[in-house]
Amino acid sequence: MITNTYTIDFKYEDEFNFSHTENETVKATSQQIAINKLKNDYQDEDLEVLNIVKELNVGFAIIRGQCVHNGHFALSTKMSSEMDIVIIGIGSTQEFGTINNPWKPKVRRNMWEKLHGKSGKGSKFKLVELRDIGACTKIAWASHTFGKIEGMNLPKPTHYYAGSKHDASWFESMNEEFGEGTLEIVILDRLKDSVCMSGTEIRKSILDECDDWKEYVPSVLVEYIEETFPKELRLYEDIDIDAEKAAFEKRKG
């Protein structure tokens with residue numbers, strides 16, 4: 001059984017939500033408490049609460065996004081079409097200003113919002129910044145990311161969307177630890193059928209002042225990516241693309 005997350009009317013999910021697993025019971029009194037909380041919060045005696053309890057499908061993906069390209073966009077678009085709430089974890093936010101990680105977290109947030117609109121309250125699209133925590137077990141990393149989501153008062157993910165089998169393996173650990181069906185895993189190979197260049201190849205293309213990369217990122221991002229790529233990095237020519245490709249193949253599993 002997949003973990004279910006419930007909320008009081010979709011537009012209020014940021015103000016109040018509660019969740020339960022198969023081992024917990026949500027009592028009728030919890031619903032009444034939630035209704036009363038809404039009435040108290042909004043001071044509206046005429047507030048009409050429809051669909052008091054709604055089961056939500058909550059999709060989660062972790063994407064470094066250096067830069068956000070067509071493969072990332074395909075994955076997030078699929079999530080948006082299938083999920084009630086989409087949570088994108090922006091990975092490795094402690095890294096920026098280098099050849100392998102040029103863009104700051106704020107710039108990467110802006111890339112996503114140019115594609116999906118403003119994130120946060122009132123939107124189905126949520127962004128969570130995630131710093132690396134060093135060497136750790138798969139379950140430790142998965143639990144860390146879920147803790148970040150909970151800390152932002154966002155609903156617990158029911159689905160994890162991965163761009164490779166290796167990426168998926170980090171969150172399959174949730175099912176191994178807490179029981180099969182805790183988290184549904186969806187794998188979408190973001191490099192399948194030459195949908196995109198990898199982020200590494202795009203950065204190398206930008207450094208080489210070659211315009212090939214432009215067809216592999218959403219058109220709305222092309223100008224922004226050019227404007228925000230740190231100019232000082234163009235002075236470097238030592239990007240280790242072979243090492244990055246090898247690392248990607250290892251992640252891809």
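If R0 equals 22 Å, the separation of the Cβ atoms of Ser143 and Lys118 corresponds to a calculated FRET efficiency of about 0.15.
Converting phi to 3J(HN,Hα) with the Karplus coefficients 6.51, -1.76 and 1.60 and the offset θ = phi - 60°, the stretch 161-177 yields 9, 10, x, 6, 5, 5, 4, 4, 4, 5, 9, 5, 4, 5, 5, 5, 7 Hz in sequence order, with x at every glycine or proline.
For the pair Asn153 and Ser219, label points projected 7 Å from Cα toward Cβ lie 4.0 nm apart. Taken one residue at a time, the phi angles of the stretch 229-234 give Karplus couplings (6.51, -1.76, 1.60, θ = phi - 60°) of 5, x, 4, 5, 6, 5 Hz. Gly and Pro are set to x. Counted residue by residue at 0.36 nm each, then reduced by the alpha carbon distance between them, the extension gain from His166 to Gln94 reaches 23.7 nm.
Largest first, the three principal axis extents of the alpha carbons in the stretch 67-158 are 33, 29, 22 Å in whole numbers.
Our coupling estimate for the stretch 198-207, obtained by passing each phi through the Karplus curve with A = 6.51, B = -1.76, C = 1.60 and θ = phi - 60°, is 6, x, 4, 5, 5, 4, 5, 5, 5, 4 Hz, Gly and Pro reported as x. For trypsin sites (Lys or Arg not before Pro), the sites in the stretch 83-161 that DSSP calls loop and that have at most 12 other Cβ atoms within 10 Å are Lys118, Lys121. Distances between placed amide hydrogens fall under 5 Å for Ile87 paired with Gly59, Phe60, Ala61, Lys126, all partners being 5 or more residues away or on another chain. With both labels modelled 7 Å from their Cα along Cα-to-Cβ, the Asp212 to Asp189 distance reads 2.1 nm.
Bear in mind that the values in this text are calculations on the coordinates, not laboratory data. None of the values given here were measured: they were computed from a predicted structure. All Cβ positions, even for glycine, are placed from backbone atoms using ideal geometry, and neighbour counts span all protein chains on display.
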